[in-house]
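One structure is given here, and the rest of the page talks about it.
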Amino acid sequence: QVQVVESGGGLVQPGGSLRLSCAVSGTIFGAYFMAWYRQAPGKQRRLVATITSTGIANYTDSVKGRFTISQDNAKNTVYLQMNSLKLEDTAVYYCQMMSAIYGPYWGQGTQVTVSS
């Protein structure tokens, strides 16, 4: 049974920083990649960043240069470092493990609120 658990959300002022963590437990078979999504109030869940098992990262345009996705394979943990946060970054952030065999596993989400 694979479990995905996010942490690190909170309240931050515009221009501030937060680091989200995503811990994956359980036995993972086959290829997979990790992703961060976010869902703002009244909007659809949208992809923020992805990282492959070999460390290749991709970002949606709105966060390029501000957010960094990384992973610690020894700890089965993925991080999202968020800098220069803007009001529009406010959302619930979800971590996803996309298994090539079993499909997506989602975490419960962590709230990020950017407000002055």
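Numbers for the structure displayed
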item: Residues in the range 9-49 reached by a label modelled at residue 73 [backbone nitrogen below 12 Å; 7 Å Cα→Cβ]; result: 32
item: For the range 49-64, Karplus couplings with θ = phi - 60° (6.51, -1.76, 1.60), whole Hz, Gly/Pro x; result: 7, 9, 8, 7, 5, 9, x, 7, 10, 9, 9, 6, 4, 5, 10, 4
item: Partners for residue 86 among lysines (Cα-Cα distance below 20 Å; same-chain residues under 8 apart left out); result: 43, 64
item: Net dipole in debye of the chain [+1 Lys, Arg Cβ; -1 Asp, Glu Cβ; about Cα centre; nearest 20]; result: 140 debye
item: Over the range 1-107, relative contact order from alpha-carbon pairs under 8 Å, at least 6 apart, %; result: 35 percent
item: Dipole magnitude of the range 25-85 about its Cα centre (Cβ charges: Lys, Arg +1; Asp, Glu -1), debye to nearest 20; result: 260 debye
item: Per-residue ³J(HN,Hα) for the range 68-78, Karplus 6.51 cos²θ - 1.76 cosθ + 1.60, θ = phi - 60°, Hz, x for Gly and Pro; result: 9, 9, 8, 8, 10, 5, 5, 9, 6, 10, 10
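Here, each number is a calculation from the coordinates, and none is a lab measurement. Note that the structure is predicted; figures quoted are calculated from it, not measured. In this analysis, Cβ positions are derived from the backbone assuming ideal geometry, glycine residues included, and neighbour counts consider all displayed protein chains.
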